[in-house]
1. Applying the selection to the range 210-219, what residues are surrounded by fewer than 16 Cβ atoms within 10 Å (Cβ to Cβ) and under 15 Å from residue 194 (Cβ atoms)?
2. Taking residue 17 as the residue in question, decide whether it is surrounded by fewer than 14 Cβ atoms within 10 Å (Cβ to Cβ) and more than 30 Å from residue 204 (Cα to Cα).
3. From (1) modelled with pLDDT of 95 or more; (2) surrounded by fewer than 19 Cβ atoms within 10 Å (Cβ to Cβ), pick out the condition that doesn't hold for residue 235.
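The values are calculated or read from the model by the stated rules, or taken from the named source; none is laboratory data. Because the structure is a prediction, the values reported are computed rather than measured. For neighbour counting, all protein chains shown are included, and Cβ atoms are generated from backbone atoms with ideal geometry for every residue, glycine included.
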């Protein structure tokens, strides 16, 4: 059975225990991923979130309304078969982390970046033992090899489900350090989003924001919050 059945055929979607974790059943039929793999989830809470999406479908199944299902599918079909590659790709953000590249001016923006980002880099240096160098402008700055190795190791410890969500947190924020601070409880999801948008919010404060751009930002923020919640439900 494909998880993307054209129309609803079930009465009840439920989270149930299965070998290796938990799954979702549509009546008595277990859900599978688009590549036909069993949808085995690490926690009951995550399985219940996926089941709730299936239960909410009316008539035609709409994958766009099923973010937990989509991320779980991605973890199983895309991330799990290439764990090392995904971890390395995300860890590489540490070499060009958003927080390390500062504006030359104006002074108010420089001050905002320093006030917002320096405490997070201090946390990374002290708690993660991964100090990173800061530069002005966009020219690449070489980061300490030991710090990059530490960051790579931290990312490599994650499960496929955690990595699937962590990917979105890193990609949407542009910062490996912010994403780590978020999933380790140093900052909240709204803090992380705000800190990732210091430059954008500065531009908006100077020039304003049109309605279409504001709508795109809201959709991205919702996706960012979803990734944080998914990570939290992975156990």
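1. Here is the first cut: in the range 210-219, the residues surrounded by fewer than 16 Cβ atoms within 10 Å (Cβ to Cβ) are 210-216, 218-219.
Listed by number, the list holds a single entry, 218.
2. Numbers: surrounded by fewer than 14 Cβ atoms within 10 Å (Cβ to Cβ): yes; more than 30 Å from residue 204 (Cα to Cα): yes.
Spelling it out, residue 17 is indeed surrounded by fewer than 14 Cβ atoms within 10 Å (Cβ to Cβ) and more than 30 Å from residue 204 (Cα to Cα).
3. (1)
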